[in-house]
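As structure tokens, the structure follows; a few thoughts come after it.
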Amino acid sequence: MVSLEEELELSMTYENFEDVPARKAASRRSVEDFNVPAAAPGMKMYRLVVVSFGLLCILQAALNISLRLTLYLEAGCNNLTEERDDLKRTLENYVSQQNSLTEERDEMKRINLDLEAGRNLLTEENHGLKRTLEEYAHYLQQGWVYFSGSFYRISSTMKPWQDSRRDCQQRGADLMIINSQEEQDFSRQYKNIIWIGLMDRDTEGEWTWVDGTQLTTSFWHSGEPNNYDKRNEDCVNINHHDHTNSWNDAPCENEYFWICEKKM
Ligand code: 2F8
Ligand code: CA
């Protein structure tokens, strides 16, 4: 607040009074007395204007400050909003990248599983081929001959049909089954009489192969099977090698060479 003395001095400066000392004295008295009005109505108005001006200045300053503060806060707020939006975009990018990476990882997992399955298949196939190769090497070393998917072996001794068959079975094979012209032609290269895996021991006249199948394609020699002299000719051999049709029925107890077949 402005003191009375200060107001007086201000009044003197702007209003140019002649009797300054007298007024100063009067003013001091008014200050000292307190109860006595120190200024005239013009002075009051003047004071009011000055005080109002001061208040306006203060108000102006406050408005300036608040305006600047508002602008400052608004700018800060805008910066924060931009930063927040930037962070949001960055976060969205990260999430998007993470989703892409997750998809890539899952795809790689699927490919890996497929590759593993393929490798397992190849490994199994490889083992199978190795076993087959070992088996082929084994039969070739034992003197077997390969023809059209089977190995064949001619015996070096003669035996009845049943013993001949047993020998083949002990070698993991059976007596030869002929079911094509090619096989029939192949069988005729051996010039001895040889047992094959065909018989009608179970039912007379019903010719059956050793794998249980019925005879369909046959290569009987002319006049065969004849159950010659009613001697129970229940087993079949290759007898007439010079003929395409070379088969003959003969008693199973007869001893002949034999031919084993191992299907591969
Ligand atoms: O040993 C039995 C055998 O004898 C002859 O063949 C050599 C008979 N052939 C003919 O009679 C034409 C076979 O039928 C017989 O099995
Ligand atoms: Ca016969």
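The values are calculated or read from the model by the stated rules, or taken from the named source; none is laboratory data. Here the structure is a predicted model, which means the values were calculated and not measured. As a convention, Cβ positions derive from the backbone with ideal geometry for all residues, glycine included, and neighbour counts pool all protein chains shown. Ligands, DNA and RNA are excluded from the accessible area calculation, which covers all protein heavy atoms including side chains. Shrake-Rupley method; radii C 1.70, N 1.55, O 1.52, S 1.80 Å.
A few notes on this one:
- Per residue, the chain exposes 70 Å² of solvent-accessible protein surface, assessed with a 1.4 angstrom probe and all protein chains in place.
- Theoretical gain in end-to-end length, Asp86 to Asn232 [0.36 nm per residue, Cα-Cα removed]: 42.2 nm
- Ligands, DNA and RNA excluded, the heavy atoms of Val49 present near 90 Å² of accessible surface to a 1.4 Å solvent probe.
- Rounded to the nearest 10 square angstrom, Glu104 shows an accessible area of 110 square angstrom against a 1.4 Å probe.
- Interatomic Cα distance distribution for segment 159-264, bins of 10 angstrom, percent: 16, 53, 29, 2
- Residues Leu129 and Arg166, FRET efficiency given R0 of 51 Å [Cβ-Cβ distance, rounded to 0.05]: 0.95
- Carbon plus sulfur fraction of accessible area for the chain, probe 1.4 Å, in percent: 54
- Accessible-area value, Ile154, 1.4 Å probe, nucleic acids and ligands omitted, Å²: 50
- Among the trypsin sites (Lys or Arg not before Pro) found in segment 215-264, those both in a DSSP coil and sparsely packed, with 14 or fewer other Cβ atoms within 10 Å of their Cβ, are Arg231.
- Projected onto their three principal axes, the Cα atoms of the chain cover extents of 183, 35, 30 Å, largest first.
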